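The values are calculated or read from the model by the stated rules, or taken from the named source; none is laboratory data. Worth saying up front: this structure is predicted, and the values here are computed from it rather than measured. When we count neighbours, we look across all protein chains shown, and the Cβ atoms used for this are built from the backbone with ideal geometry, even at glycine. Side chains are part of the model used for accessible areas, which takes the heavy atoms of the whole protein and leaves out ligands, DNA and RNA. Shrake-Rupley method; radii C 1.70, N 1.55, O 1.52, S 1.80 Å.
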Amino acid sequence: NKKIPTMTRALILAAGQGTRLRPLTDDKPKCLVPLLGKSLLERQVDTLKKSGVTDIHVASGYRSDQIESLGFSTTINPRFAETNMVETLFSALAFIQQKGDLIIAYGDIVYQSNNLQALLNNKDEISLMIDAKWRDLWSLRLDNPLDDAETLLMDGDGYVTELGKKPQSYEQIEGQYTGLIKIRADKLEEFIAFYNQLNRSAIYDGKDFDNMYMTSFLQLLIDSGWKAKGVQVNNGWLEVDTVEDLSQYETMAKNGKLGQFYKVEI
């Protein structure tokens, strides 16, 4: 397993309560909900460390005390209850500004080492982990996968041109964005500057600035000329959004069927 320079850092966005995971999140943040006996956060951190990414920071909010008590370096988004993930990301500005490539990861996902390695190996200014076989997983979770999926289109060179919109058909979905991003070290200053110059009073895909979706922010970067490479994987990750997701994954694991979508490595 190829070790990468420890210059790569990871910022995990874990400020939300995850109301759709209640009652499991009545007294804990979403990232600390257990999947197969280990919290989502621990699973993700184990995978990062296994690939040599040891400088890990958590942008927290709801019940951040529980994340801190596990020994994690954290920054709190004090307005986590009324803002969205982009605000949580930039609440950790001091960490973003440090040296080295930066992985940004949603706190409610887990992924295999081979997927992470594919992202780490990519040298583009932005890399986005894209699941080419997303329909396999979505079909298990939902009666109509189109209801919950988002558009994702790439050009002939594999750079993402559109993401995060409501699809009318499967033709508009060349993969599903998974919530795992890498920003190259030399672009971080520009990344921050881009965020700082955005119009605070504009509406972004129907949301005000504070509640902008991460996909809207990524689309703005792409539209302004940033090159976001779609690093394509075939399954090998899970998103835990609802109590139903969790019980389905647990049942599949018991029946020996989860491995097709996510192999538990540790």
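Return the residues of segment 19-38 that are part of a helix (DSSP H, G or I) and touching a residue at least 12 places away in the same chain (Cβ under 8 Å); say none if nothing qualifies. So that I can check it myself, show each step before the final result.
Step one: filter segment 19-38 for residues part of a helix (DSSP H, G or I), giving 19-21, 30-32.
R20, L21, K30, C31, L32, listed by residue number.
Conditions: (1) assigned to a strand (DSSP E or B); (2) closer than 18 Å to L180 by Cβ; (3) open to solvent by less than 10 Å² (accessible area, probe 1.4 Å). I56 meets all but one. Number of the miss?
I56 satisfies all of (1) assigned to a strand (DSSP E or B); (2) closer than 18 Å to L180 by Cβ; (3) open to solvent by less than 10 Å² (accessible area, probe 1.4 Å) except (3).
Which of the residues that make up segment 79-137 are open to solvent by less than 30 Å² (accessible area, probe 1.4 Å), more than 19 Å from Y159 (Cβ to Cβ), assigned to a loop (DSSP other than H, G, I, E, B) and of a type outside the set (D, E, K, R)?
T83, A92, G100, G107, Q112
Enumerate the strands (runs of 3 or more DSSP E) found wholly within segment 156-256, keeping only those where 3 or more residues are closer than 30 Å to V33 by Cα and modelled with pLDDT of 95 or more.
Of the strands (runs of 3 or more DSSP E) lying wholly inside segment 156-256, those with at least 3 residues that are closer than 30 Å to V33 by Cα and modelled with pLDDT of 95 or more span 176-183, 228-233.
Among residues belonging to segment 151-175 that are open to solvent by 70 Å² or more (accessible area, probe 1.4 Å) and without any contact (Cβ under 8 Å) to a residue 24 or more places away in the chain, point out the one that is nearest to the chain's Cα centre (by Cα).
Of everything passing the filter in segment 151-175, K166 is nearest to the chain's Cα centre (by Cα).
If we keep just the residues of segment 224-249 that are among the hydroxyl-bearing types (S, T, Y) and over 17 Å from E265 (Cβ atoms), which is surrounded by the most Cβ atoms within 10 Å (Cβ to Cβ)?
Filtering segment 224-249 for residues that are among the hydroxyl-bearing types (S, T, Y) and over 17 Å from E265 (Cβ atoms), the one surrounded by the most Cβ atoms within 10 Å (Cβ to Cβ) comes out as T242.
For segment 127-160, what are the residues that are more than 22 Å from V240 (Cβ to Cβ) and touching a helix residue (DSSP H, G or I) at 6+ places or on another chain (Cβ under 7 Å)?
Answer for segment 127-160, where residues must be more than 22 Å from V240 (Cβ to Cβ) and touching a helix residue (DSSP H, G or I) at 6+ places or on another chain (Cβ under 7 Å): S127, T151, L153, V160.
Looking at V264 and the list (1) assigned to a loop (DSSP other than H, G, I, E, B); (2) among the aliphatic types (A, V, I, L, M); (3) closer than 30 Å to D157 by Cα, which single condition is not satisfied?
With (1) assigned to a loop (DSSP other than H, G, I, E, B); (2) among the aliphatic types (A, V, I, L, M); (3) closer than 30 Å to D157 by Cα applied to V264, the lone miss is (3).
Could you list, in sequence order, all residues of segment 103-132 that are more than 17 Å from D55 (Cα to Cα) and out of contact with any Phe, Trp or Tyr (no Cβ under 9 Å at 6 or more places or on another chain)?
Within segment 103-132, D108, N114, A118, N121, N122, K123, S127, A132 meet the criteria.
Whether any residue in segment 180-192 is surrounded by fewer than 16 Cβ atoms within 10 Å (Cβ to Cβ), in contact (Cβ under 8 Å) with a residue 12 or more places away in the chain and among the β-branched types (V, I, T) is what I want to check.
Yes - at least one qualifying residue is present in segment 180-192.
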